[in-house]
1. List, please: which pairs have Cβ atoms under 8 Å, are six or more places apart or on different chains, and start with a residue in the stretch 57-74 that is without any contact (Cβ under 8 Å) to a residue 60 or more places away in the chain and end with one that is of a type in the set (Phe, Trp, Tyr)?
2. For residue 10, all conditions in the list (1) touching a helix residue (DSSP H, G or I) at 6+ places or on another chain (Cβ under 8 Å); (2) at pLDDT 95 or above hold save one; what is the number of the exception?
3. Restricting to strands (runs of 3 or more DSSP E) lying wholly in the stretch 41-138: which have 1 or more residues that are modelled with pLDDT under 95 and more than 14 Å from the chain's Cα centre (by Cα)?
4. Does the stretch 21-40 hold any residues that are outside any loop (DSSP other than H, G, I, E, B) and either farther than 15 Å from residue 84 by Cα or among the aromatic types (Phe, Trp, Tyr) (or both), and which are they?
5. Filter the stretch 16-34 down to residues that are among the aliphatic types (A, V, I, L, M) and more than 15 Å from the chain's Cα centre (by Cα) and give me whichever is nearest to residue 121 (Cα to Cα).
6. Can you find even one residue in the stretch 77-85 that is farther than 25 Å from residue 15 by Cβ and either among the small types (Gly, Ala, Ser) or buried (at least 17 other Cβ atoms within 10 Å of the Cβ) (or both)?
7. Looking at 72, 103, 112, which is the one that is basic (Lys, Arg), farther than 27 Å from residue 33 by Cα and crowded, with 16+ Cβ neighbours inside 10 Å?
8. In the stretch 146-169, what count of residues is obtained for those that are surrounded by fewer than 17 Cβ atoms within 10 Å (Cβ to Cβ), out of contact with any His (no Cβ under 8 Å at 6 or more places or on another chain) and of a type outside the set (A, V, I, L, M)?
Amino acid sequence: MRVYVPTTLSLLAVAHAAGELGPTPLSAYAVTPALREWYVSDDIEELEYAALVRAGQASLRLLAADPAAPRRRAVIALDVPDKAVLLDTGAEYQDQASLGQVRLADPVALARAAAVHVDADDAADDVAAAAAAVPAADAGDEDARFTVDGAEDHELLWYATQEIPALLP
């Protein structure tokens, strides 16, 4: 199963040094039954893109919590056995933000990564503004929500795993 693990470039550097992602449980996003139902599509590429976008949104929240991290969202695409993915169907149907959310109970070797998705350098200002606006957006501020949504105007770029060292701060 392909899962998308939200991270930051700082956390990616830690994972790269350790050779694995952790600590567990790891929050990730995947094509789940609820995501399929919400998105109403049978196109697996569209559904995986929706899971990637959700992971990008979660990466933005990680950036909001770590002001020292470079202001670029990062997502690691992993291929893991289905049995490694824990799905809490009750939580997944609670709200739209949780659609596609899964957990990985065990550490995952970074060698399992299929790719890394990261914002381009020119997205940094918009991502920084979005990360700063997350608390206000969560409190219901519509202007802040608009700023947060603005980060999604930037596509996460695809990088091969051998390019990870060049991405690190």
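The values are calculated or read from the model by the stated rules, or taken from the named source; none is laboratory data. From a predicted model like this one, the values you see are computed outputs, not experimental measurements. Because the Cβ atoms are built from the backbone with ideal geometry, glycine has one as well, and the counts that use them run over all protein chains shown.
1. Qualifying pairs under 8 Å: 58/29.
2. Result: residue 10 fails condition (1) only.
3. Numbers: elements: 73-79, 101-104, 113-118.
Counting at least 1 such residues, we get 73-79.
4. Looking only at the stretch 21-40, we keep the residues that are outside any loop (DSSP other than H, G, I, E, B), and these are 21, 26-29, 33-39.
Within the stretch 21-40, 29, 33, 34, 35, 36, 37, 38, 39 qualify.
5. Within the stretch 16-34, the subset among the aliphatic types (A, V, I, L, M) is 17-18, 21, 26, 28, 30-31, 34.
With the extra rule that they be more than 15 Å from the chain's Cα centre (by Cα), the set shrinks to 17-18, 34.
Values: 17: 23, 18: 25, 34: 33 Å.
Per the criteria, the residue is 17.
6. Our first condition is that a residue be farther than 25 Å from residue 15 by Cβ; within the stretch 77-85, this holds for none.
Checked against the condition, which is being farther than 25 Å from residue 15 by Cβ and either among the small types (Gly, Ala, Ser) or buried (at least 17 other Cβ atoms within 10 Å of the Cβ) (or both), the stretch 77-85 yields no hits at all.
7. Numbers: 103 fails: farther than 27 Å from residue 33 by Cα; 112 fails: farther than 27 Å from residue 33 by Cα.
Exactly one residue qualifies, and that residue is 72.
8. Of the residues in that region, 10 qualify.
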